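Student: Have a look at this one.
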Amino acid sequence: WRSIYCFRLLASLPYMSIISWILSSFMMRRIIPPLRQLEKGAREIQKGNLDVHLVHTHKDEYTPVFSAFNLMTRKMKETLDNRKKEEEHRKELIASISHDLRTPLTVIKAYAESMRDGVVHTEEKRQRYLGAICHRVDDIIRMTSQLFEISRLDLGYTCIEKEIFSL
């Protein structure tokens, strides 16, 4: 029995090898291409191309992976676009704040230079100029306080308290 068993085993070995080769080549044709496509997509993202969209036509175990990959790239692009818009708004806000602060500082400087240069001759005019300077300084203090509060809100350190009031 032993020799018959060994003979059958040796005789079936070439068939098993051929079947194994056919199955493995079939599996490799189904596994390797989607993995290469995913790798190519990942390299595109690494280069900064978030417009990459992978297409997988088969309904198999790769379908959810490709869907998740495409969703990930879309969400990353949306997040990046939102950050760019926020940065643009932040730049506009800084430019606006700079302008709003420059105006009272220019007035303060003009009043101070007028007082220094002896344009102010009466005590009444001097008091009026000092009052205008103090008023403009109060404006700057109010603006910087508001800016500080906006920064705290933006950083999440504080929250806006609700207040009920009559219109």
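Student: Residue 97 is checked against (1) farther than 30 Å from residue 154 by Cβ; (2) in contact (Cβ under 8 Å) with a residue 12 or more places away in the chain and fails just one. What number does that condition carry?
Tutor: (1)
Student: Let me ask another. Whether any residue in the stretch 120-142 is open to solvent by less than 50 Å² (accessible area, probe 1.4 Å) and of a type in the set (Ser, Thr, Tyr) is what I want to check. Steps first, please.
Tutor: So the first thing to find is which residues in the stretch 120-142 are open to solvent by less than 50 Å² (accessible area, probe 1.4 Å), and the list is 120, 129, 131-133, 139-140.
Imposing the further condition that a residue be of a type in the set (Ser, Thr, Tyr) reduces the set to 129.
Yes, the stretch 120-142 contains at least one residue that is open to solvent by less than 50 Å² (accessible area, probe 1.4 Å) and of a type in the set (Ser, Thr, Tyr).
Student: If the requirement is being within 24 Å of the chain's Cα centre (by Cα) and surrounded by 10 or more Cβ atoms within 10 Å (Cβ to Cβ), which of these qualifies: 26, 69? Can you show your working first?
Tutor: Working: 26 fails: within 24 Å of the chain's Cα centre (by Cα).
Step by step, each of 26, 69 is checked, and only 69 is within 24 Å of the chain's Cα centre (by Cα) and surrounded by 10 or more Cβ atoms within 10 Å (Cβ to Cβ).
Student: Give me the pairs, please: first residue somewhere in the stretch 36-53 and under 12 Å from residue 65 (Cα atoms) and touching a residue at least 24 places away in the same chain (Cβ under 8 Å), second residue anywhere and outside any helix (DSSP H, G or I) and among the basic types (Lys, Arg), beta-carbon distance under 8 Å, and either six or more positions apart or on two chains.
Tutor: Pairs that qualify, where the first residue is under 12 Å from residue 65 (Cα atoms) and touching a residue at least 24 places away in the same chain (Cβ under 8 Å) and the partner is outside any helix (DSSP H, G or I) and among the basic types (Lys, Arg): there are none.
Student: How many residues are open to solvent by 70 Å² or more (accessible area, probe 1.4 Å) and closer than 30 Å to residue 41 by Cα when one looks only at the stretch 80-111?
Tutor: Summing the residues that are open to solvent by 70 Å² or more (accessible area, probe 1.4 Å) and closer than 30 Å to residue 41 by Cα in the stretch 80-111 gives 8.
Student: Kindly evaluate residue 158 against the criterion of being touching an Asp or Glu at 6+ places or on another chain (Cβ under 9 Å), open to solvent by less than 60 Å² (accessible area, probe 1.4 Å), outside any helix (DSSP H, G or I) and of a type outside the set (Lys, Arg). Before you say what the answer is, go through the steps one by one.
Tutor: Details: touching an Asp or Glu at 6+ places or on another chain (Cβ under 9 Å): yes; open to solvent by less than 60 Å² (accessible area, probe 1.4 Å): yes; outside any helix (DSSP H, G or I): yes; of a type outside the set (Lys, Arg): yes.
Here the answer is yes, as residue 158 does meet what is asked.
Residue-wise test of (1) assigned to a helix (DSSP H, G or I); (2) out of contact with any His (no Cβ under 6 Å at 6 or more places or on another chain); (3) at pLDDT 95 or above.
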residue	(1), (2), (3)
30	yes, yes, no
50	no, yes, no
73	yes, yes, yes
91	yes, yes, no
99	yes, yes, no
103	yes, yes, no
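The values are calculated or read from the model by the stated rules, or taken from the named source; none is laboratory data. These numbers come from a predicted model, not from an experiment. Here the Cβ is made from the backbone with ideal geometry for all residues, glycine too, and neighbour counts use every protein chain on show. To get the accessible areas, we keep the full protein, side chains included, count just its heavy atoms, and leave off ligands, DNA and RNA. Shrake-Rupley method; radii C 1.70, N 1.55, O 1.52, S 1.80 Å.
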